[in-house]
Amino acid sequence: MKIKLTPRPAALFLLLLTLLFNATNAFAQATAAEPEMADDLRASGKIYVVVAVVVVIVAGLLAYLISLDRKVSRLEEQIKK
């Protein structure tokens, strides 16, 4: 019985992804000596503006997805009739 040792493409892809994420994690921890951006924004009070913008964007996307779902549901009902 001969054992096939060639790796599958999916296994190679997962290995590459794992190595890539480990490398980015190592680079992300290199600038720990500088103050965090969130601390500066919180100290100046601008963090609330950032949070408000993020909430508006997420709410807009959610409203768009809900309206899109309603339109698709109407079209599906029309197709069934």
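Just a few scattered comments:
- Restricting the first member to region 50-78 and to residues that are on the phi < 0 side of the Ramachandran plot, and the second to residues that are among the aliphatic types (A, V, I, L, M), the beta-carbon pairs closer than 9 Å and six or more apart or on different chains are V50/A38; V50/L41.
Residues are listed down the side, and each one gets a yes or a no for (1) modelled with pLDDT of 95 or more; (2) open to solvent by less than 90 Å² (accessible area, probe 1.4 Å):
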residue: P9; (1), (2): no, no
residue: L14; (1), (2): no, no
residue: L17; (1), (2): no, yes
residue: Q29; (1), (2): no, no
residue: E36; (1), (2): no, no
residue: L41; (1), (2): no, yes
residue: I47; (1), (2): no, yes
residue: G60; (1), (2): yes, yes
residue: I79; (1), (2): no, no
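The values are calculated or read from the model by the stated rules, or taken from the named source; none is laboratory data. None of these values were measured; they are calculated from a predicted model. Cβ coordinates were reconstructed from backbone atoms using ideal geometry, including for glycine residues, and neighbour counts include every protein chain displayed. Note: areas computed on protein heavy atoms with side chains; ligands, DNA, RNA excluded. Shrake-Rupley method; radii C 1.70, N 1.55, O 1.52, S 1.80 Å.
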